[in-house]
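Reviewing the structure listed below.
The values are calculated or read from the model by the stated rules, or taken from the named source; none is laboratory data. Since we're looking at a predicted model, the values are computed, not measured. Ideal geometry is used to build each Cβ from the backbone, glycine not excepted, and the neighbour counts take in all protein chains shown.
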Amino acid sequence: MFIKKLKLLNFRSYQNLELEFGSKLIFFIGENGSGKTNILESINQFATLKSFRDNPEEELINWKENFFYIKLDFVKENFDNKIEIGYSKEDSSKRKVKLNQNQVKKKQEIVGELKTVIFSPNDLSILDGGPAERRRFIDTFISIQSKNYYSQISEYNKILKQRNFLLKKKNIDQKEFSPWNKLLKDRAEIVFEFRKDYILRINEIFKKDLFKLSNGKDQFEIIYKPDFQSYSEYEEILKSKLAKDIQLGYTSVGIHRDQIFIGTNGKDITEFGSQGQKRSTVISLKTSQFHIIKSESNLSPILLIDDVIRELDVKRRELFIELIKEAGQTFFTTTDLEGIKDYLGSLENEKEIFEVKDFSVKKLSSILVI
Ligand SMILES: Nc1ncnc2c1ncn2[C@@H]1O[C@H](COP(=O)(O)OP(=O)(O)OP(=O)(O)O)[C@@H](O)[C@H]1O
Ligand SMILES: [Mg+2]
């Protein structure tokens, strides 16, 4: 995959920005707070339809405006594609998405059309942010790969919300819950199977990459710890927990309570991991995501590398270079280019540099000596 053009109207700090790309490696350099991450965030929107910083859509609109519009031209399997996303505070339908000029009716039609893998300082929250953050990583990952998963998990969450709403109401006939229980169970079973399968596959690659990064020292695993070992009886369980759920005012069991263990010998990484171990762990999670996307879809994903390059030691750099070589295109943000040449190696001549300053972006000469 290769991105040719990006247009941002009223997205975050950009009121009107148009960029064209002609190289495999794109660098955005600029001071802190200049708007580098905003660009990667906009690109990632096209893949997942949401902010990787987990901000609500309204916050993506430029503060002076009441809508944003973003457009991406990219090549996929030798065909040109175009995605447009519009979001308005005022419009009742709020978000409008087009794929190659056609209005997209359901989000699942678009999620995963562009394949991105993002490396960002926020990634540490996959480890430190509690079970919900781990599920979010897995859910976003599988959603990029499977439209079915995306629609099942989205529907599950909607139904769960409605059931929880009902649980909070007083004096409701218990029979009213039966249809909701059935709807939840059907989706939970599918989500469970997907999570089981993907986490097993992630684990295989994750273990190998982490082994390499840590010179064989860290042998951690990622293991799915579902709320139940099988969701075939889930409807009956929901029924048996109903009285408790009514008391609590929410649904106390289900895939929204699944855990994902990351650690070794039953000890979670949050209990013992050093900063370096945690960093290697999230990098290995993301590299496994990259490799699974690549082998499963036969497409070279777009890599978005936010601010994480310079701090890397030799081992991590080696792993990144391998990744960059396999990617369709890589977008980097950094405050300066010092030290970067060392690890680009033979890729050095395939780069374009953009300077980000005062919320505007200027292309610098590609042959700029660094
Ligand atoms: N909705 C918005 N409207 C206008 N400006 C915004 C909006 N959201 C964020 N900003 C501005 O964008 C800037 C942050 O941009 P960004 O996170 O891309 O910076 P950065 O270059 O990545 O910085 P760093 O190097 O510190 O990571 C801030 O100055 C912030 O005020
Ligand atoms: Mg940033």
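Some points to look at:
- Taking each residue of segment 294-311 that is among the hydroxyl-bearing types (Ser, Thr, Tyr) and looking for partners that are within 12 Å of ligand 1 (Cβ to nearest atom) and at pLDDT 85 or above with beta-carbon atoms closer than 6 Å, six or more apart or interchain, yields nothing.
- Residue check for Asn55: away from ligand 1 (no atom under 12 Å from the Cβ) and either in contact with a Pro (Cβ under 6 Å, 6 or more places away or on another chain) or free of Cβ contacts under 8 Å to residues at least 40 places away in the same chain (or both): no
- Test for Ile205: is it touching a residue at least 40 places away in the same chain (Cβ under 8 Å), out of contact with any helix residue (DSSP H, G or I) (no Cβ under 6 Å at 6 or more places or on another chain), within 16 Å of Lys286 (Cβ to Cβ) and assigned by TED's automatic domain parsing to the domain that holds Thr140: no
- Pair list, Cβ < 7 Å and 6+ apart or interchain, from segment 94-121 residues that are under 15 Å from Ser42 (Cα atoms) to residues that are part of a helix (DSSP H, G or I) and among the aromatic types (Phe, Trp, Tyr): Val111/Tyr150; Leu114/Phe46; Val117/Phe290
- Wholly within segment 58-169, strands (runs of 3 or more DSSP E) carrying at least 2 residues that are of a type in the set (Ser, Thr, Tyr): 79-88
- Residue count for segment 244-281 satisfying the condition of being of a type in the set (A, V, I, L, M) and part of a strand (DSSP E or B): 2.
- Among the residues of segment 282-313, those identified as of a type in the set (D, E, K, R) and either part of a loop (DSSP other than H, G, I, E, B) or surrounded by fewer than 20 Cβ atoms within 10 Å (Cβ to Cβ) (or both) are Lys294, Glu296, Asp307, Arg310, Glu311, Asp313.
- All positions within segment 44-73 that are surrounded by fewer than 20 Cβ atoms within 10 Å (Cβ to Cβ), within 26 Å of Ile293 (Cα to Cα) and at pLDDT 95 or above: Lys71, Asp73
- For first residues located in segment 325-339 and charged (D, E, K, R), partners that are assigned to a loop (DSSP other than H, G, I, E, B) and lie 6+ apart or on another chain with Cβ distances below 7 Å form the pairs Glu326/Ser300.
So that you can scan it fast, the table gives a plain yes or no per residue for (1) of a type in the set (A, V, I, L, M); (2) outside the structural domain of Leu304 (by TED's automatic domain parsing); (3) within 14 Å of ligand 2 (Cβ to nearest atom); (4) outside any loop (DSSP other than H, G, I, E, B):
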residue: Leu6; (1), (2), (3), (4): yes, no, no, yes
residue: Leu9; (1), (2), (3), (4): yes, no, no, yes
residue: Asn16; (1), (2), (3), (4): no, no, no, yes
residue: Gly22; (1), (2), (3), (4): no, no, no, no
residue: Phe27; (1), (2), (3), (4): no, no, yes, yes
residue: Ser34; (1), (2), (3), (4): no, no, yes, no
residue: Leu40; (1), (2), (3), (4): yes, no, yes, yes
residue: Gln45; (1), (2), (3), (4): no, no, no, yes
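- 1 or more residues in contact with a Leu (Cβ under 8 Å, 6 or more places away or on another chain), of a type in the set (Ser, Thr, Tyr) and within 16 Å of ligand 1 (Cβ to nearest atom): qualifying strands (runs of 3 or more DSSP E) within segment 314-364: 329-334, 360-364
- Single residue of segment 1-47 satisfying the filter (free of Cβ contacts under 8 Å to residues at least 40 places away in the same chain and more than 15 Å from ligand 1 (Cβ to nearest atom)) that is nearest to Leu337 (Cα to Cα): Glu20
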